[in-house]
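The values are calculated or read from the model by the stated rules, or taken from the named source; none is laboratory data. Computed from a prediction, not measured in an experiment: that's the story for all the values here. Positions of Cβ are backbone-derived with ideal geometry, glycine not excepted, and every protein chain shown enters the neighbour counts. Each accessible area value is taken on the protein alone, full model and side chains, heavy atoms only, with ligands, DNA and RNA left out. Shrake-Rupley method; radii C 1.70, N 1.55, O 1.52, S 1.80 Å.
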Amino acid sequence: MANKRKLPEINASQMADISFLLLIFWLCSTTMSTDQGLSRRLPPPLPPNMEKQDVEVNERNIFVVLINSQNQLLVQGEPMDVKELRAEAKAFILNVENDPHKPVLVETTADVLDKNGNVERTLKAYTTKQHVVSLQNDRGTLYEKYIEVQNELVAAYNEIRDEYSRKEFGGLTFNELTPEQQEAVQTMYPQKISEAEPKNYGGKK
């Protein structure tokens, strides 16, 4: 009876090396999606022994933006389409016509420093520096809707800074300015968005 032919054994170590190389190739060539968070920081919590103090703000200086539980946008108590929010926020923040129902205009100055820290020039303008944009939402508000509204408010500030930068720095946008110039423009037009704790506005608790 003839002897059975022995089959050659497969070198398992080489297969492991090939698998490892394929894994490395896949990791290097694959694009993975990453979650993008908000660039803004939340204020630090108050110490447990510190009492909250109410800050009095002139009512005309407050721009109230509310998203209710039905994801409807209410601006100063009136319904509004989110597409109109940016222009409305800019009109409130700038108050070009000195409307008595909009923020108080105050003389504002900001020094533009050079790279050595010396004052290069001083910016002067009447701005509504004391205004506050109060962004409020219901506990049932969708996260996507909240971000959409927040983006429009941030865009309003960005456009204001761009317009002011072009006026004061020979047509340059805010992003084209030096860090020192950007800091001065931010002093003139600070981003003041107050995000309140979610509440129930007429909805179920």
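Of all residues in the range 110-125 being touching a residue at least 40 places away in the same chain (Cβ under 8 Å) and either in contact with a Cys (Cβ under 8 Å, 6 or more places away or on another chain) or open to solvent by less than 90 Å² (accessible area, probe 1.4 Å) (or both), which is farthest from Q76 (Cα to Cα)?
Checked the range 110-125; the qualifying residue farthest from Q76 (Cα to Cα) is D114.
Which of the residues that make up the range 61-81 are more than 17 Å from R139 (Cβ to Cβ), open to solvent by 20 Å² or more (accessible area, probe 1.4 Å) and outside any strand (DSSP E or B)?
Residues satisfying the conditions are Q76, G77, M80, D81.
Name the pairs whose Cβ atoms lie under 6 Å apart, with the first residue in the range 83-94 and farther than 13 Å from R60 by Cα, the second of a type in the set (G, A, S) and open to solvent by less than 40 Å² (accessible area, probe 1.4 Å), and 6 or more positions between them or separate chains?
R86/A155; R86/A156; A89/A156; K90/A156
Collect the residues in the range 126-143 that are without any contact (Cβ under 8 Å) to a residue 24 or more places away in the chain and assigned to a strand (DSSP E or B), keeping them in residue-number order.
Matches in the range 126-143: Y126 only.
Can you name the condition, by its number, that V104 falls short on among (1) outside any loop (DSSP other than H, G, I, E, B); (2) touching a helix residue (DSSP H, G or I) at 6+ places or on another chain (Cβ under 7 Å); (3) of a type outside the set (S, T, N, Q)?
(1)
Would you confirm, using the coordinates I've provided, whether T108 is in contact with a Phe, Trp or Tyr (Cβ under 9 Å, 6 or more places away or on another chain) and within 19 Å of E59 (Cβ to Cβ)?
On the way: in contact with a Phe, Trp or Tyr (Cβ under 9 Å, 6 or more places away or on another chain): yes; within 19 Å of E59 (Cβ to Cβ): no.
It is false that T108 is in contact with a Phe, Trp or Tyr (Cβ under 9 Å, 6 or more places away or on another chain) and within 19 Å of E59 (Cβ to Cβ).
Taking T141, is it within 17 Å of R60 (Cα to Cα) and buried (at least 17 other Cβ atoms within 10 Å of the Cβ)?
So T141 does not fit the description; no.
Return the residues of the range 154-170 that are surrounded by fewer than 20 Cβ atoms within 10 Å (Cβ to Cβ), under 14 Å from the mean Cα position of the chain (by Cα) and touching a residue at least 24 places away in the same chain (Cβ under 8 Å); say none if nothing qualifies.
V154, A155, E159, listed by residue number.
Would you mind stating whether Q181 is at negative phi and more than 20 Å from the chain's Cα centre (by Cα)?
yes
Got at least one residue in the range 27-46 being under 26 Å from the mean Cα position of the chain (by Cα), at pLDDT 60 or above and at negative phi?
Taking every residue of the range 27-46 in turn, none turns out to be under 26 Å from the mean Cα position of the chain (by Cα), at pLDDT 60 or above and at negative phi.
Those residues that are under 26 Å from G170 (Cα atoms) and open to solvent by 40 Å² or more (accessible area, probe 1.4 Å), I need them from the range 92-105; list them, please.
L94, V96, E97, L105
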